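Chemist: One structure is given below, represented as structure tokens, and several questions about it will come after.
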Amino acid sequence: MSWGPIDLCGVPLAGPILNGSGTFDAIAARRAFGDALLERFPFDCFVSKTITVEPRQGNPPPRLWEAPGGLINSIGLPNKGLEEFLAADLPQHAELPVPLCVSVMGFDRDELALLVSALAERDEVALVELNVSCPNVETGLIMGADPGETAAAVERVRGLLDRPLIVKLTPNATDPAAVASAAEAAGADGVSLVNTLKGMARDPRSGRPWLGGRTGGLSGPAVRAIALEQVAAVSGTVAIPVIGMGGIASGKHAADFLAMGATAVGVGTESFRDPAAGRRIGAELAALGPGAAAAAADLPA
């Protein structure tokens, strides 16, 4: 096992560190740090914020709540929409020194197909991530929580794309390994997990829900143990690459996920505290050496 270059679904990466979608704004970071960001970019592959067909304003504020050991967000996927992303953001993302993975979400399979078809025409895109954590407007089921819905979504878009397709799984599923297996059988090239866990924060003064969207997603160290178990279960079930994420804040945490079968890891909430976290975690991981994960993998269950 090596901490050096890896192959992620046929795409060569200099290392195994990715960002979690929506947790690092590369365009804003470049405005702040200039081309120095390109020289010391913190990730080995950049995952865009999830885009939808139409622009979205997102949820009303307040959108964040700092929980013990984590963060609850109710952002609501604000984005410019497909047309403006292709015109304004994609050219800037293409200047980054690492491969680009574009994350997409549709409210039904036809919307997913429209998004994937548009990205398939752009050479700047190395991989596509399907964020299947939303309800299908036709069935009412959460696409990523139901194996049949997940399979149908992947089957709808698989033939439209000649590049790797990653399915981002929700931890709010009865059996994430079954969902991952369904995605694999339908043609997914890889899966990533975990997304946030559903949560709520209460305003201590009014007693009402704090977040403008009422509920949100919990991320950060508080979810790490759950994420590690789900990554181990999924990687033991599927043969395709697994991208593990959930509370990773150090090289040791990354090594734990790699030891449990992940091919690569995603850094999310930690980047809010430390924008260079991806680079730091990668360096810590390299300092540990491959023996750290091998030793962890040999421990009895």
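Read-outs throughout are calculated quantities, based only on the coordinates presented, and are distinct from any laboratory measurement. Keep in mind the model is a prediction, meaning the values are calculated, not measured. Cβ placement follows ideal geometry from the backbone for every residue including glycine, while neighbour counts extend to all protein chains displayed.
Chemist: Among strands (runs of 3 or more DSSP E) lying entirely in the range 204-272, which contain 3 or more residues that are under 17 Å from PRO171 (Cβ atoms) and either in contact with an Asp or Glu (Cβ under 6 Å, 6 or more places away or on another chain) or among the hydrophobic types (A, V, I, L, M, F, W, C) (or both)?
Modeler: Details: elements: 216-219, 242-245, 264-267.
The strands (runs of 3 or more DSSP E) meeting that bar are 242-245.
Chemist: May I ask you to list pairs of residues, at least six apart or on different chains, whose Cβ atoms are under 8 Å apart, with the first in the range 35-55 being in a strand (DSSP E or B) and the second being among the hydroxyl-bearing types (Ser, Thr, Tyr) and buried (at least 21 other Cβ atoms within 10 Å of the Cβ)?
Modeler: Between residues of the range 35-55 that are in a strand (DSSP E or B) and residues that are among the hydroxyl-bearing types (Ser, Thr, Tyr) and buried (at least 21 other Cβ atoms within 10 Å of the Cβ), the close pairs are VAL47/SER21; VAL47/SER103; ILE51/SER103.
Chemist: Something else about it: Can you tell me which residues in the range 15-32 are within 18 Å of GLY190 (Cα to Cα) and either of a type in the set (Asp, Glu) or more than 15 Å from the chain's Cα centre (by Cα) (or both)?
Modeler: Result: GLY15, single match.
Chemist: On to the next question. Would you tally the residues in the range 61-88 being part of a loop (DSSP other than H, G, I, E, B) and closer than 23 Å to GLY220 by Cβ?
Modeler: Start the filter on the range 61-88 by keeping residues that are part of a loop (DSSP other than H, G, I, E, B), which leaves 61-63, 68-69, 74-78, 80-81.
Add one more test, that the residue is closer than 23 Å to GLY220 by Cβ, and what stays is 61-63, 68-69, 74-78.
Total satisfying the criteria: 10.
Chemist: Going residue by residue through the range 193-201, is there one that turns out to be in contact (Cβ under 8 Å) with a residue 24 or more places away in the chain, among the small types (Gly, Ala, Ser), part of a loop (DSSP other than H, G, I, E, B) and at negative phi? Working first, answer last.
Modeler: Kept after step one, since they are in contact (Cβ under 8 Å) with a residue 24 or more places away in the chain, are these residues of the range 193-201: 193-201.
From what's left, among the small types (Gly, Ala, Ser): 199, 201.
Adding the requirement that they be part of a loop (DSSP other than H, G, I, E, B) leaves 201.
So of that shortlist, the ones also at negative phi come out as 201.
Yes, the range 193-201 contains at least one residue that is in contact (Cβ under 8 Å) with a residue 24 or more places away in the chain, among the small types (Gly, Ala, Ser), part of a loop (DSSP other than H, G, I, E, B) and at negative phi.
Chemist: Among the numbered criteria (1) polar (S, T, N, Q); (2) closer than 30 Å to ARG279 by Cβ; (3) without any contact (Cβ under 8 Å) to a residue 24 or more places away in the chain, which single criterion is violated by SER206?
Modeler: (2) is the only condition that SER206 fails.
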